[in-house]
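Reviewing the structure listed below.
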Amino acid sequence: MDLIFLGMNEAGEEVLDWLRQKEEVNVLEVIESREGLEKIRDLRPEIVVSSGYEHIVPKEVIEIPEKGIVNLHPSYLPYNRGAHPYIWPLIDGSPAGVSVHFMNENLDEGPVIARKKVEKNPDDNAKTLRDRLMKEQVQLFKDSWDKVLKQECFEQDLEKGNAHYKSDLDQIADLDLDREMSLREAIDLLRGLKFGERSLAYFEDEENAFSVDLSIVKE
């Protein structure tokens, strides 16, 4: 079975290595650029697998592979479709999780092959949650490979979910110091905006910008 791989992240590296070890899979190309999509038109693979691909795939390209384009997404679909899905569960209380789904022309709205909720810890920040989601994605993909080949899936209930765009992060990172919220809400906001040693949260006065960091240590 001829396969093309789209994108690359930590989960994608492990999934690609696993696919290359399968006798029935012939990996033709690994594509990370928008221009590389032309190879799907030229090579016409039976299936495409995507993990961390950062460009929109046109409908006419999605329709080329006989078994579709299978995407790994680090959220519990239909929740947190789109950008930064590992940030929002910490901030708004939505479920964290991972999904394997078929791609369609809309952002992370295609039919779900498999999904799994992932626990959020009180001391999580965006990076620790993302790291855990990357590992869970790999295992979920392996466990659902037979379903991928059989094209077993179900439609998302989009009325229950939500979607975010890159601009949403910019809006919450610029802190409104006069906004009223509970202490829990403030802590959740700041840990969602912390990625490892780096904090995305900041506020400005008339002359300067100030970064706001948060440290949570389990005793």
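The values are calculated or read from the model by the stated rules, or taken from the named source; none is laboratory data. This one's a predicted model, so the numbers in the text were calculated from it and none came from an experiment. Reconstructed Cβ throughout: ideal geometry from the backbone, glycine too, with neighbour counts over all protein chains shown. Remember, those area values only see protein heavy atoms, side chains included, never the ligands or the DNA or RNA. Shrake-Rupley method; radii C 1.70, N 1.55, O 1.52, S 1.80 Å.
Cross-link partners for Lys120 among the lysines, with Cα-Cα distance under 24 Å and sequence neighbours closer than 8 places in the same chain left out: Lys135, Lys142, Lys160, Lys166, Lys194, Lys218. Angle of helix 183-192 to the longest C-alpha principal axis of the chain, folded into 0 to 90 degrees and rounded to 10: 40°. When you filter the GluC sites (Glu not before Pro) in segment 66-112 for DSSP loop state and at most 12 other Cβ atoms inside 10 Å of their Cβ, you are left with Glu66.
Rolling a 1.4 Å probe over the heavy atoms of the protein chains gives segment 94-219 an accessible area of 64 Å² per residue. On a 0 to 90° scale, report how tilted helix 126-143 is relative to the longest principal axis of the chain, with both axes built from alpha carbons and the result rounded to the nearest 10. On a 0 to 90 degree scale, this one is about 20.
Accessible surface of the chain, 1.4 Å probe: 44 percent of it comes from carbon and sulfur atoms. Largest mean-square fluctuation among Met134, Met103, Met181, in a Gaussian network model of the chain whose springs join Cα atoms under 10 Å apart, belongs to Met181. The Cα atoms of segment 65-151 cover 43, 25, 15 Å along the three principal axes, with the biggest extent listed first.
With 10 Å bins beginning at zero, the pair-distance distribution over Cα atoms of segment 94-219 amounts to 11, 32, 31, 18, 7, 1 %. Of all the options Ser199, Ser75, Ser99, the one that moves most in a Gaussian network model of the chain with Cα springs shorter than 10 angstrom is Ser199. When the convex hull of its Cα atoms is viewed from all sides, the chain shows a mean projected area of 14.1 nm².
Between Asp42, Asp157, Asp146, the Gaussian network model of the chain with springs among Cα atoms under 10 angstrom shows the greatest mean-square fluctuation at Asp42.
Under Stokes-Einstein, with the Kirkwood radius over Cα pairs standing in for Rh, what whole-number D in µm²/s applies to segment 52-93 at 4 °C and 1.567 mPa s?
For these conditions, the coefficient is 106 µm²/s.
Based on C-alpha pairs under 8 angstrom that are at least 6 apart in sequence, segment 1-96 has a relative contact order of 27 percent. Projecting the Cα atoms of Phe5, Pro85, Leu19 onto the charge dipole of the chain (Cβ charges, centred on the Cα centre) puts Leu19 farthest toward the positive pole.
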